[in-house]
Amino acid sequence: MAEAKYAFIKDGTVVNVAIFDDPTNELLNHFKEEFELDAIVLATSTTDIGGTYDGEKFWISKPYSSWIKGEEDWQPPTPYPTDDKFYTWDEPSLTWLAHP
């Protein structure tokens, strides 16, 4: 088996990501007990430390305090504009700011 990333989960938060080459259950259980983890699960390419795991899906760290979880990813309180301009999120005003 090729190397794979495993996320260390504590209180629903990814606290570490480790790379193992075909780890045994005994090894994973050792790390789980040693670091008092809730779970060790096979990670995804988007898994980051500080992100969360809800038992089914990894969530990257919340990008802004006003954003909420959608079905697949974080959603802003105001949808992204649909025109052809480039926008960035402005948290203080809770709006998208257009760039020239």
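The values are calculated or read from the model by the stated rules, or taken from the named source; none is laboratory data. The structure displayed is predicted, hence computed values, not measured ones. Positions of Cβ are generated from backbone atoms using ideal geometry, with glycine treated the same way; all protein chains shown enter the neighbour counts.
Residue count for segment 90-100 under the criterion of being under 19 Å from Lys62 (Cα atoms) and modelled with pLDDT under 90: the result is 0.
Conditions (1) closer than 30 Å to Ile19 by Cα; (2) surrounded by 12 or more Cβ atoms within 10 Å (Cβ to Cβ); (3) out of contact with any Phe, Trp or Tyr (no Cβ under 9 Å at 6 or more places or on another chain); (4) basic (Lys, Arg), marked per residue:
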{"site": "Ile60", "(1), (2), (3), (4)": "yes, yes, no, no"}
{"site": "Lys69", "(1), (2), (3), (4)": "yes, yes, no, yes"}
{"site": "Pro76", "(1), (2), (3), (4)": "no, yes, no, no"}
{"site": "Tyr80", "(1), (2), (3), (4)": "no, no, no, no"}
{"site": "Pro92", "(1), (2), (3), (4)": "no, no, yes, no"}
{"site": "Ala98", "(1), (2), (3), (4)": "no, no, no, no"}
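Contact map, segment 1-17: residues that are buried (at least 19 other Cβ atoms within 10 Å of the Cβ) paired with residues that are of a type in the set (Gly, Ala, Ser) and part of a strand (DSSP E or B), Cβ distance under 9 Å, separation 6+ or inter-chain. Pairs shown: Tyr6/Ala18; Ala7/Ala18; Ala7/Ala39; Phe8/Ala18; Phe8/Ala39; Ile9/Ala39; Val14/Ala7. Kindly indicate the residue of segment 38-57 that is in contact (Cβ under 8 Å) with a residue 40 or more places away in the chain and of a type in the set (Val, Ile, Thr) and also nearest to Ile68 (Cα to Cα) among those meeting that condition. Within segment 38-57, the match that is nearest to Ile68 (Cα to Cα) is Thr52. Exactly one residue among Phe31, Phe20, Phe35 is more than 29 Å from Glu71 (Cβ to Cβ) and surrounded by fewer than 16 Cβ atoms within 10 Å (Cβ to Cβ), and that residue is Phe35.
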